[in-house]
Amino acid sequence: DPRRRETYDRIGERGMKWMEDPLSIDPQELAHNFATSSILDRSKIFAIFLAIYIAVFLLPILICLMADGTFGGAKWVAVLTPLWLWDVFILFYHVRVIMMGPIKRPETIPEEEWVDPLPMRKRVSALVRFVFLVLFQVLLALRMDGFIAFPWWAVFIPLYFWEMMALKKKISVAMINIVTHAELELAIGKNFAACDAAEKEDIQRRFILVPAKSGPVYDAACRIKAEAKMDVVRILARVVFTVLLVLNLELGKEWSWWIVFVPIFAMVVCIIGSAFHNWVQVQAEAAKRDPSLFDQNADV
């Protein structure tokens, strides 16, 4: 595989193993490397983890303090400063990805087999979706501070667009077909290498190519579809929840909050049920490969 070869040349055998199987990382080896590293390197690692923890927990702490009235007459626009800084960083990333242009074809991959993994259409779509999210955050903060008098349904419109764009993408992945190369050629009527760039991009949206209908690659493709289906459930639950939330705010909070949060409770039940189903499947597969693992009569 020329792509795996290129990755191997860049990060080496150990890095390749960690990418393909993160659980293979030995915690004792990591602890030993950390203990034997220089003070400067350990300080950098500590600073990175500290910054991550601060970025994750600072915003919800500020929101809780503001909701409890600890900040007195402070404005939400000021309290959400960490969120604005994070948005600027993400916005810069999206713009930078668009400005870097098409990804060049590696020399190890033939031109007829090369497909840009990040086409410009996807980059622009990701930027537009993120702009909708930022616009919702700004409108919400201004509405809560009283700077604007928009109705709540108007404030949540950008959030609905943000969710709908994600829903469209996840539905397409959930409905994608998993096929072998022979099945793909039969479906499109010609060899994949004979397709032009537009046709290859369309094939990537409609199919997942696997070498066979069994094995780790096929299992990974099935997991992608299953995760996309669960994402569809999560998005629909969030959309219904926000609709009920907006209606309750517009009606003066006449409904019980238990009713408003019913979609969230249903989503949690679906997530737990899916996780249990996956656990049962993994257990059944492990028992099929090695029955002695689940044989209660086996010697301990």
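To keep it simple, each residue is scored yes or no on (1) modelled with pLDDT under 90; (2) basic (Lys, Arg); (3) farther than 27 Å from LYS169 by Cβ; (4) assigned to a loop (DSSP other than H, G, I, E, B).
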| site | (1), (2), (3), (4) |
| --- | --- |
| ALA51 | yes, no, yes, no |
| ALA55 | yes, no, no, no |
| GLY69 | yes, no, yes, yes |
| TRP86 | yes, no, no, no |
| HIS94 | no, no, no, no |
| PRO106 | yes, no, no, yes |
| LYS122 | yes, yes, no, no |
| PHE130 | no, no, no, no |
| ILE148 | no, no, yes, yes |
Conditions (1) open to solvent by 60 Å² or more (accessible area, probe 1.4 Å); (2) free of Cβ contacts under 8 Å to residues at least 12 places away in the same chain; number of the one not met by TRP153: (2)
Boolean, GLU285 is modelled with pLDDT under 85 and either more than 29 Å from GLY189 (Cα to Cα) or open to solvent by 80 Å² or more (accessible area, probe 1.4 Å) (or both): yes
Subset tally (residues that are open to solvent by less than 60 Å² (accessible area, probe 1.4 Å) and either in contact with a His (Cβ under 6 Å, 6 or more places away or on another chain) or touching a residue at least 60 places away in the same chain (Cβ under 8 Å) (or both)) for the range 235-244: 3
Members of the range 183-205 that are open to solvent by 60 Å² or more (accessible area, probe 1.4 Å) and either part of a helix (DSSP H, G or I) or among the charged types (D, E, K, R) (or both): GLU183, GLU185, LEU186, ALA187, LYS190, ALA194, ASP196, ALA197, ALA198, GLU199, GLN204, ARG205
Residues of the range 71-83 satisfying the condition of being open to solvent by 70 Å² or more (accessible area, probe 1.4 Å) and either without any contact (Cβ under 8 Å) to a residue 24 or more places away in the chain or part of a helix (DSSP H, G or I) (or both): PHE71, GLY73
Scope the range 164-182; condition touching a Leu at 6+ places or on another chain (Cβ under 9 Å) and either buried (at least 16 other Cβ atoms within 10 Å of the Cβ) or assigned to a helix (DSSP H, G or I) (or both); matching residues: LEU167, ILE178, VAL179, HIS181
Members of the range 248-261 that are assigned to a helix (DSSP H, G or I) and either surrounded by fewer than 15 Cβ atoms within 10 Å (Cβ to Cβ) or charged (D, E, K, R) (or both): GLU250, TRP257, TRP258, ILE259
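Hey, does the range 112-119 have a residue that's farther than 30 Å from ILE208 by Cα, touching a residue at least 60 places away in the same chain (Cβ under 8 Å) and open to solvent by less than 40 Å² (accessible area, probe 1.4 Å)?
No, the range 112-119 contains no residue that is farther than 30 Å from ILE208 by Cα, touching a residue at least 60 places away in the same chain (Cβ under 8 Å) and open to solvent by less than 40 Å² (accessible area, probe 1.4 Å).
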Qualifying positions in the range 45-63 - open to solvent by less than 80 Å² (accessible area, probe 1.4 Å), within 25 Å of ASP145 (Cβ to Cβ) and either among the aromatic types (Phe, Trp, Tyr) or over 25 Å from the mean Cα position of the chain (by Cα) (or both): LEU62
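The values are calculated or read from the model by the stated rules, or taken from the named source; none is laboratory data. Because the structure is predicted, anything quoted here is derived from the model rather than measured. In this analysis, Cβ positions are derived from the backbone assuming ideal geometry, glycine residues included, and neighbour counts consider all displayed protein chains. Accessible surface areas use protein heavy atoms only, side chains included; no ligands, DNA or RNA. Shrake-Rupley method; radii C 1.70, N 1.55, O 1.52, S 1.80 Å.
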